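In what follows, a single structure is set out as structure tokens and then discussed.
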Amino acid sequence: MKNRILVVDDQGELRKLVKLTLEVLGYQIEEAESGEDCINKLRVVKPSLVILDAMMPGRYDGYQACEIIKHHNKDIKVIMLTARAQKSDKELGKKVQCDEYITKPFSPIALQEAVKRIIL
């Protein structure tokens, strides 16, 4: 579904902030709290965009989850939304084919603009 976004972060407060930031634009937001939870929900949720934190507990971190998403469905867009701001982190994001890399703390307006740009 074009307006469905899966927000993946182990911090509930951040998921809530992202949800509030994007719901005002009419997007339907689903949530996951780990990379593994994200992968398990993809078939059910069928998002057009996944917003992923890089550092999460469990089987997959955000980079690994992005790699799995892109391997199985290149049409799903991915925004990495993470505190990992080093050049090497951004290069890893590019390597796993994320579509946008936004660092925390982030501007809600910048996130809205990135989402609008990616979901045409």
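Quick note: the coordinates plus some simple rules give every number you see, no bench work behind them. Small disclaimer: the values here were computed from a predicted structure and weren't measured. Counting neighbours? That spans all protein chains shown, and the Cβs are built from the backbone with ideal geometry, glycine included.
Structure summary
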quantity	calculated
Relative contact order, percent, the chain [alpha-carbon distance under 8 Å, six or more residues apart]	24 percent
Estimated distance in nm for a label pair at Ile119 and Asn40, the labels positioned 7 Å out from Cα along Cα-to-Cβ	2.4 nm
Distance between modelled label sites at Ile109 and Lys74, nm, 7 Å Cα→Cβ extension	3.6 nm
Orientation-averaged projected area, Cα convex hull of the chain (nm²)	6.4 nm²
Amide hydrogen neighbours beyond the local backbone of Lys77, cut-off 5 Å, H modeled	Leu49, Val50
Length added when fully stretched, Leu20-Lys90, from 0.36 nm per residue minus Cα-Cα	22.6 nm
